[in-house]
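Below is one structure; the comments refer to it alone.
Each reported figure results from applying straightforward, stated rules to the coordinates on display, with no laboratory input. Just so we're clear, the structure is a prediction, and the values are computed from it rather than from any experiment. As a convention, Cβ positions derive from the backbone with ideal geometry for all residues, glycine included, and neighbour counts pool all protein chains shown.
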Amino acid sequence: MDSSQLLGITTFTFLFASFLYIAALVFRTENMGKAATGFTIIALLILTLGLGLRWIESYQLGIGHAPLTNMYESVVFFAWTIIIFYLGIEWKFKTRTIGAFALPLAFLAMAYASFAPINRGINPLVPALQSNWLLAHVITCFVGYAAFAIAAALGIMYLAKTSFAGKSSVDQSKELLPPLATLEDITHKCMIIGFIWLSAGIITGAIWANSAWGTYWSWDPKETWSLITWFVYAFTLHARYTRGIKGKTIAWLSLVGFIAVIFTYYGVNFLLSGLHSYGSS
Amino acid sequence: MQNNNSLWQFFASVKLALVTLFLIATTSIIGTVIPQKEPFQFYVSQYGPKTAQLFAILDIPDMYNSWWFISLLFLLGFNLVICSVDRFPGVWRQIKADGLQVGADRIRKMSTQKSWRSDAPVSDSVLSIKELLKKHGWQAAEKQTDNETVIFSQKGSWTRTGVYLVHSSILVIFLGAIIGSLGGFKGSVSIPETMSRDKVVLYDSREIVDLGFEIRCNSFAIEFYENGMPKEYTSSLTVLENGTEVLTRDIEVNSPLTYKGITFYQSSYEAYQDFVVTAVNTETGSRKTVVSPFQKQTEWPEENVRFGVINAKVRGQSIVSIKIWFAGENGPPSTMWLDENSLTTLDENNRNYQVRVKQMYATGLQVAKDPGVWWVYIGCGLMLFGLYVAFFMSHRRIWVLVTASDKGSAMVMSGSANKNRPGFENVFDTLASDLERT
Ligand code: HEM
């Protein structure tokens, strides 16, 4: 059994758990929801095992490093943080509805990692990447991204609920999803968590750049996009302090913010060029 | 400072902050799409002469240093200052507010509340409540009026400054960036092994700057992984002041050398056709390090020996072994293959020499002086701390109103928190039931 098999099993368990969460939401069966949570926890354990095994495998290859250094590994880690974050929310707010939106995200990330034409090998690190700041940078950024992913999932739920409201055929959705105020509250909390971690991610990245190249900020496209993302969320946090911007607009902003996250993380590597080009291998 | 001046209101408004944040975020995209810092001709060939001209007028080729982008950043900073000056006095009043001045009516109207009775007389109740509060970490004060006593206690009043810590952290980071751009420089220097340099060339202006000391590259080495990828670049550097060595250190990527505020980063290298030969007489200890060009004879007059590199084996891009010849005063020269950069003992003129031969490199160093970087780091730390305070800590206040009743005393306990009310209510409930039990 090697790490890639474990990660493959995780992908399908996430898919299965996604269906369970959606079914639990639509049919409102408590037991199905419990099964969904159970399978998610099992998938998380397998995924954790897979990441740990990959770490060990890298040492067996004599190039030991944490599994956080290329696109493949970072997408897998992203799925891992999304699930941890999601389970935390499920536990804290005692609601499983968000799972129907969060689990598919984790599944998509794992499916992309498993099937997209990207390098899945364990590669040695070029000198610039051999830094503990790399670890701190990747971990902080991805915790932030996971929080923003959940915020976006909540934003979609919010928009779905407001646009279904009134239409009698789908009036049920009123009760299917949590109340708007709850959705807005959790969205806000997720954005706060994401903002702190993204701030830490940008800061650790800047410190790393300074220790490797002597500039903490060089406006390279990836840096700039992470800052744009940060500004989008700073904008959103301040929007509450002016009249007229709330509810729906915040939900839209959670989506805009997450699009910026995806572009920072993924788009920049493929569409633009810069220091972070290692991520494209 | 409540000021009704409309210009003041404009610069103090959150709306302006939203507009500025929006403008900075959207215009920042330009520089990620249009390549930066290319020569004018590049833009002409890519976008046509008219567009290139327009770019030049708008400073697009270096937009992050352009007047309009810097102005946006300054506007953000100015907005922050005015906004904070506008609001902070109010926040300060809330921090300093004396909870004992809050009237009994308001305390009775608060939504987080609990009341109970006790057989003990008022003075005893007040004492035991204060003691218990103290046991839970709530330092309490009291005020007595004709018919009731108010006990007040609070925690974390200072946390109201959290947002202001975040806002000032941005100003501190800006300050650091300004200090760095006014008082610092970024440049590079290439130093061949065994040589030293005392000047660097700046990136932007191509200006040449005197370091004020010399830096020597003693040696440079590359390590490879088995698959041929580079594993580490290492330079051994020595700092010299007026010709005397003051500091020697190995630097690697991610592990630079700093001397007198100037930092040297390993950034590139250049391979030469020449070789660096180090020879040591093992008996006398006399040694020589020289640059020996390929297939040229080099002399060591003090020892009366001559040597040279006559052949080399290459694997990939690096030289793995070297064939040298080594000759004394008399007798035939000996030739042999040596591994690159490893010590070998030779016997010549009945003397033993330890010889090391390596390919010659020049190390490419990035040289930076940034006196503002510590301000930037302090600002970053302040920001993370401030964000934590602003989002997760709150100002919590508790009042207990003790009134005399027919059989002892009646208590009304109220509380308020400026953030995270559910969390506060949990704390309040446990505290209240603890107090009630006594
Ligand atoms: C990049 C720049 C900025 C950052 C990172 C930032 C950060 C923050 C944060 C984290 C909060 C707390 C939000 C919350 O509690 O939900 C906040 C609140 C606030 N910010 Fe900013 N801010 C920035 C720029 C500005 C500017 C330019 C203004 C100027 C008007 C401003 C005005 C305010 C106000 C009025 C509040 C509410 C304060 C309160 O709760 O009493 N911010 N800011």
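Once the Cβ-Cβ distance of B:I378 and B:K50 is raised to the sixth power relative to R0 = 35 Å, the FRET efficiency obtained is 0.15. The share of C-alpha pairs in region A:92-141 whose separation exceeds 15 Å stands at 70 percent. Summarised in one figure, the compactness ratio Rg/Rh of chain A, Cα atoms and Kirkwood Rh, is 0.99. Expressed as a fraction of 2.2 N^0.38 Å, the rule-of-thumb size for a compact globular protein of N residues, what is the C-alpha radius of gyration of region B:235-274? Here the answer is 1.32, to two decimals. The share of alpha-carbon pairs in region B:75-135 lying farther apart than 13 Å comes to 78%. For trypsin sites (Lys or Arg not before Pro), the sites in region B:225-278 that DSSP calls loop and that have at most 15 other Cβ atoms within 10 Å are B:K260. Please report, to two decimal places, log10 I(q)/I(0) for region A:1-149 at q = 0.17, 0.21 Å⁻¹ as given by the Debye formula with identical point scatterers on the Cα atoms and no solvent. Values returned for q = 0.17, 0.21 Å⁻¹ are -0.92, -1.28. Helix B:373-392 and the longest principal axis of the Cα set of chain B meet at an angle near 30°.
Treating the angle as unsigned and between 0 and 90°, give the value, to the nearest 10°, between the Cα long axis of helix A:221-239 and the longest Cα principal axis of chain A. Once rounded, the angle reads 30 degrees. Per residue, the convex hull spanned by the alpha carbons of chain B comes to 271 Å³.
Short-range pairs are left out: with C-alpha atoms under 8 Å and at least six residues apart, the relative contact order of region B:132-249 is 13 percent. Along the axis of the charge dipole computed for chain B (Cβ charges of +1 for Lys and Arg, -1 for Asp and Glu, origin at the Cα centre), the listed residues B:I57, B:S405, B:L182 are led at the positive end by B:S405.
In region B:287-438, taking the dipole from charged Cβ atoms about the Cα centre, the farthest positive-side position among B:V389, B:T289, B:N311 is held by B:N311. What residue among B:R87, B:R397, B:R315 has the largest mean-square fluctuation in a Gaussian network model of chain B, using Cα springs under 10 Å? Looking only at B:R87, B:R397, B:R315, the largest GNM fluctuation is found for B:R315.
Inter-part distance, region B:264-307 to region B:18-94, computed on C-alpha centroids, equals 53 Å. Measuring nothing but how far apart in sequence close Cα pairs (under 8 Å, 6+ apart) lie, relative to its length, chain B scores a relative contact order of 20 percent. Please compute the volume of the convex hull spanned by the alpha-carbon atoms of the protein assembly as shown and report it per residue in Å³. It comes to 256 Å³ per residue, whole-number rounded.
Each of A:G121, A:L198, A:L47 was scored by the projection of its Cα onto the charge dipole of chain A, and the greatest displacement toward the positive side belongs to A:L198; charges sit on the C-beta of Lys, Arg, Asp and Glu. Principal axis extents of the Cα atoms in region B:182-313, from largest to smallest and rounded to whole angstrom, are 55, 43, 26. Mean per-residue shielding of peptide B:183-190 is 1, counting Cβ atoms of other chains within 10 Å of each Cβ.
I'd like the distance separating the alpha-carbon centroids of region A:67-113 and region B:383-413, in whole Å. Cα centres, region A:67-113 to region B:383-413: 39 Å. In units of the rule-of-thumb radius 2.2 N^0.38 Å, region B:48-200 shows an alpha carbon radius of gyration of 2.02.
Here the Gaussian network model covers chain A, with springs between Cα atoms less than 10 Å apart; of A:T69, A:T215, A:T187, A:T215 fluctuates the most.
Which shape class applies to region B:348-438: rounded if a/c is under 1.5, otherwise prolate when a/b exceeds b/c and oblate if not, where a ≥ b ≥ c are the square roots of the Cα gyration tensor eigenvalues? Taking the square roots of the gyration eigenvalues as a ≥ b ≥ c, region B:348-438 is prolate. For region B:172-222, the alpha-carbon coordinates run over 41, 24, 19 Å along the three principal axes, in decreasing order.
Short to long, the 5 Å bins of the Cα pair-distance histogram for region B:138-197 hold 4, 11, 9, 8, 8, 8, 8, 7, 6, 6, 5, 4, 4, 3, 2, 2, 1, 1, 0 percent of all pairs. Among the listed pairs B:K114/B:K155; B:K186/B:K358; B:K135/B:K407; B:K15/B:K37; B:K186/B:K231; B:K260/B:K288, those with a Cα-Cα distance over 23 Å are B:K186/B:K358; B:K135/B:K407; B:K15/B:K37; B:K186/B:K231; B:K260/B:K288.
Using a cutoff of 8 angstrom between alpha carbon atoms and counting only pairs six or more residues apart, the relative contact order for chain A works out to 19 percent.
With kT/(6 pi eta Rh) evaluated at 25 °C and eta = 0.890 mPa s, and Rh the Kirkwood radius from Cα pairs, region B:284-415 diffuses with a coefficient of 111 µm²/s according to Stokes-Einstein. Round to the nearest 0.05 the FRET efficiency obtained for B:N420 and B:S71 when R0 = 41 Å and r is the Cβ-Cβ distance. Between B:N420 and B:S71 the formula returns 0.60. Computed from point charges on the beta carbon alone (+1 for Lys and Arg, -1 for Asp and Glu), the dipole magnitude for the protein assembly as shown about its Cα centre is near 2780 Debye.
Given +1 at the Cβ of Lys and Arg, -1 at the Cβ of Asp and Glu and no other charges, the dipole of chain A around its Cα centre is 760 debye to the nearest 20. Among the GluC sites (Glu not before Pro) within region B:183-217, those in coil by DSSP and having at most 14 neighbouring Cβ atoms inside 10 Å are B:E207.
Give me the tail of P(r) for region A:1-61 as a percent: Cα-Cα pairs with distance above 17 Å. Above the 17 Å cut-off, region A:1-61 has 45 percent of its Cα pairs.
Listed by chain and number, the aspartates and glutamates whose alpha-carbon sits under 20 Å from that of A:K34, ignoring those within fewer than 8 places in the same chain, are A:E90, A:E175.
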